[in-house]
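The block underneath contains the structure these notes are about, expressed in structure tokens.
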Amino acid sequence: MAGERRDLVDSFGRVIRDLRISVTDRCNFRCTYCMPEEGMKWLDREEVLSFEEFERIARIFVERCGVEGIRLTGGEPTVRADIVTLVQKLAALNVDLAMTTNGSRLTSLAHDLRAAGLRRLNISLDTLRRERFTEMTRRDELDKVLAGIDAAIDAGFDPVKVNAVVERGVNDDEIVDLAQFGRERGVEVRFIEFMPLDASGHWVNDSVVGQDEIVETIAAVFPLEPVPARGAAPADRWRYLDGRGMVGVIPSVTKPFCGDCDRVRLTAEGQFRTCLFATEEFDVRTLLRGGASDDEIVELLASAVGDKWAGHQINQVSFTRPARTMSQIGG
Ligand code: SF4
């Protein structure tokens, strides 16, 4: 019946409750595991969804399909002009609104984002060493990111989460330093296993530092106890036995959590993806701009989710890298 609530459920019984929206493919950094230094082909302005289109599609997901959480990603979401206005529009849907950012613009934006209704922030920080930061991001902006983390704390985001992608031979010697950073600043560090979504395609399994190794490395210095099950959340979490907070690991490669996956994604140009590693996409933009009704859009989303696969096949012979890089999908 028209206007009726219709949960998005796949053939494994997983119910979609979390939508990741990439609001731009552009970024002010050039992280080596995400983008080439030069030569990225950016989307033309008219290809990218407008704020009204994002608002409409988000409303359909929330009001018609029962989505409870929306995470704004990019590229880098804070380089999208008037991002605070978009946050205001989406916060009006009374949804658990979060953002993943590189943090470099938070000193000027954190308070406004908070006031606009943003509830949670994850800030990417893979190293505390200036030279290495400049090498990994191809930008000398570590100070800005550290100041951005402080601005997020000051604006009242709690907990502020810091995402650190660990790559063997690149920054795995900083696992304890990053954990210590989290303990000192009162932020929750999430270590992320390196995934095969890098633009240069140099990902190999040997470059992955797995969850067990990360946890052992930290626990050898700061004793930990595991926090019970995570539900659909991507991170496993541990509590420091001395009460100095929590730490998490997102073990996408070594301990895939696809069995509990409740996430789907929308790219900046309105392509619907049922998985981060999906090799197939569904064109929502054409429906949005072609006068389709909400029911027709719900129909497309429901049939796409109905065909959602069990999970990524990393390290299996059947694994195919998506045609898009991380910056073109959104974290
Ligand atoms: S890899 Fe795909 S199916 Fe697995 S948890 Fe991530 S988005 Fe879900």
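The values are calculated or read from the model by the stated rules, or taken from the named source; none is laboratory data. Small disclaimer: the values here were computed from a predicted structure and weren't measured. We place every Cβ from the backbone using ideal geometry, glycine too, and count neighbours over all the protein chains shown. Calculation scope for accessible area: heavy atoms of the full protein, side chains included, ligands and nucleic acids excluded. Shrake-Rupley method; radii C 1.70, N 1.55, O 1.52, S 1.80 Å.
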- Task: Restricting attention to segment 126-145, report how many residues are closer than 30 Å to Val95 by Cβ and either open to solvent by 20 Å² or more (accessible area, probe 1.4 Å) or touching a Gly at 6+ places or on another chain (Cβ under 7 Å) (or both).
- Result: 2
- Note on the structure: The number of residues in segment 183-197 that are touching a residue at least 24 places away in the same chain (Cβ under 8 Å) and in a helix (DSSP H, G or I) is 2
- Message: I want to confirm something. Restricting to segment 308-319 and keeping residues that are without any contact (Cβ under 8 Å) to a residue 60 or more places away in the chain and out of contact with any helix residue (DSSP H, G or I) (no Cβ under 6 Å at 6 or more places or on another chain), which single residue is nearest to the ligand (Cβ to nearest atom)?
- Response: Trp309
- Working only within segment 79-120, note down all residues that are in contact with a Leu (Cβ under 8 Å, 6 or more places away or on another chain) and open to solvent by 10 Å² or more (accessible area, probe 1.4 Å). Arg80, Val84, Ala91, Thr100, Gly117, Arg119, Arg120
- Message: Considering only segment 284-307, I want to know if a residue exists there that is within 14 Å of the ligand (Cβ to nearest atom) and not in a helix (DSSP H, G or I).
- Response: yes
- Task: Would you please name the residue that is farthest from Phe222 (Cα to Cα), looking only at residues in segment 236-249 that are open to solvent by 20 Å² or more (accessible area, probe 1.4 Å) and either near the ligand (Cβ under 10 Å from one of its atoms) or free of Cβ contacts under 8 Å to residues at least 60 places away in the same chain (or both)?
- Result: Asp236
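Could you list, in sequence order, the residues of segment 179-189 that are crowded, with 22+ Cβ neighbours inside 10 Å and not small (Gly, Ala, Ser)?
Once the filter is applied, which keeps residues that are crowded, with 22+ Cβ neighbours inside 10 Å and not small (Gly, Ala, Ser), segment 179-189 yields Val187, Val189.
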- Scan segment 263-280 residue by residue and report those that are of a type in the set (D, E, K, R), more than 8 Å from the ligand (Cβ to nearest atom) and open to solvent by 10 Å² or more (accessible area, probe 1.4 Å). Glu269, Glu280
- Just give me the residues in segment 30-56 being modelled with pLDDT of 95 or more and either among the small types (Gly, Ala, Ser) or crowded, with 20+ Cβ neighbours inside 10 Å (or both), in sequence order. Val48, Leu49, Ser50, Phe54
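Matching residues to (1) open to solvent by less than 30 Å² (accessible area, probe 1.4 Å); (2) over 20 Å from Val67 (Cβ atoms):
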position: Pro256; (1), (2): no, yes
position: Val284; (1), (2): yes, no
position: Asp294; (1), (2): no, no
position: Ala302; (1), (2): yes, no
position: Val317; (1), (2): no, yes
position: Pro322; (1), (2): yes, yes
position: Gln328; (1), (2): no, yes
- Note on the structure: Across segment 155-182, the tally of residues that are in contact with a Gly (Cβ under 9 Å, 6 or more places away or on another chain) and either aromatic (Phe, Trp, Tyr) or part of a helix (DSSP H, G or I) (or both) stands at 1
- Message: Which condition from (1) touching a residue at least 40 places away in the same chain (Cβ under 8 Å); (2) of a type outside the set (Asp, Glu); (3) within 28 Å of Asp7 (Cα to Cα) is the one that Ala229 breaks?
- Response: (1)
